[in-house]
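Here the structure comes first, spelled out in structure tokens, and everything after it is commentary.
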Amino acid sequence: MGMFNKDDKPKQDINEKHRSEINELLLPGEEIEYIYPLFIDFLCLTNKRLIFVDKDLSFKEPKTTIYSTPYKNILSVGLEKNEKVFAFTDKLAIVTKGKTHELKFLKVTNIKDVYNNLVQKII
């Protein structure tokens, strides 16, 4: 038996990688509160704004777009529920003044926690 749970180490490594990517974008006095890994990208909630990293891994021209949205510009947050099994899916929609972002989270993510943490920021 190893010293680490096989499920803990990769998640920790991913969060540290995301944290180092986002640290260079933080403003003075801004702090990371939550980082949520997505299927390819990640979502970061700070004490001032939402930062969403969107990686397009197309073969033609791979690129990364970083969306930074103050909480006051978020109009609504939508949580998808699967009525057949009465459970939440891994999808969340964030509607801003300029665009609707449909995010797909990893299955291990507690989507209700993501939703609640984000809603608390916008109300």
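The values are calculated or read from the model by the stated rules, or taken from the named source; none is laboratory data. Nothing here was measured: the structure is a model prediction, and the numbers come from that model. A quick note on method: Cβ atoms are made from the backbone with ideal geometry, for glycine too, and the neighbour counts reach across all protein chains shown.
Restricting to the range 1-35, what's the tally of residues that are under 15 Å from the mean Cα position of the chain (by Cα), among the hydrophobic types (A, V, I, L, M, F, W, C) and at pLDDT below 90?
Residues that pass the stated criteria total 2.
Please specify each residue of the range 78-89 satisfying the condition of being in contact with a Phe, Trp or Tyr (Cβ under 6 Å, 6 or more places away or on another chain) and touching a residue at least 24 places away in the same chain (Cβ under 8 Å).
Hit for the range 78-89 is Leu79, nothing else.
Across the range 26-53, which residue is farthest from Leu106 (Cα to Cα) among those that are without any contact (Cβ under 8 Å) to a residue 40 or more places away in the chain and in a strand (DSSP E or B)?
Arg49
Mind counting the residues in the range 55-74 that are more than 24 Å from Asn23 (Cα to Cα) and surrounded by 12 or more Cβ atoms within 10 Å (Cβ to Cβ)?
Within the range 55-74, residues that are more than 24 Å from Asn23 (Cα to Cα) and surrounded by 12 or more Cβ atoms within 10 Å (Cβ to Cβ) number 0.
Mind counting the residues in the range 58-108 that are outside any strand (DSSP E or B) and not hydrophobic (A, V, I, L, M, F, W, C)? Talk me through it step by step, then tell me what you get.
If we filter the range 58-108 for residues that are outside any strand (DSSP E or B), which is where we start, we get 58-62, 71-73, 83-86, 97-99, 106-108.
Okay, now just the ones that are also not hydrophobic (A, V, I, L, M, F, W, C), so 58, 60-62, 71-73, 83-84, 97-99, 107.
So the answer is 13.
Every residue in the range 82-102 that is within 16 Å of Ile40 (Cα to Cα) and touching a Lys or Arg at 6+ places or on another chain (Cβ under 7 Å), please.
Selection gives Asp90, Lys91, Glu102.
For the range 41-54, does any single residue satisfy the condition of being surrounded by 11 or more Cβ atoms within 10 Å (Cβ to Cβ), within 18 Å of Leu92 (Cα to Cα) and in contact with a Lys or Arg (Cβ under 6 Å, 6 or more places away or on another chain)?
Yes, because at least one residue in the range 41-54 is surrounded by 11 or more Cβ atoms within 10 Å (Cβ to Cβ), within 18 Å of Leu92 (Cα to Cα) and in contact with a Lys or Arg (Cβ under 6 Å, 6 or more places away or on another chain).
Check the range 109-118 and report whether any residue there is hydroxyl-bearing (Ser, Thr, Tyr), surrounded by 14 or more Cβ atoms within 10 Å (Cβ to Cβ) and farther than 25 Å from Glu30 by Cβ.
no
Quick check on my filter: what residues within the range 95-123 are of a type in the set (S, T, N, Q) and under 18 Å from Ile74 (Cα atoms)? Spell out the reasoning first.
Step one: list which residues in the range 95-123 are of a type in the set (S, T, N, Q), which gives 96, 100, 109-110, 116-117, 120.
Once the filter is applied, which keeps residues that are of a type in the set (S, T, N, Q) and under 18 Å from Ile74 (Cα atoms), the range 95-123 yields Thr96, Thr100, Asn116, Asn117, Gln120.
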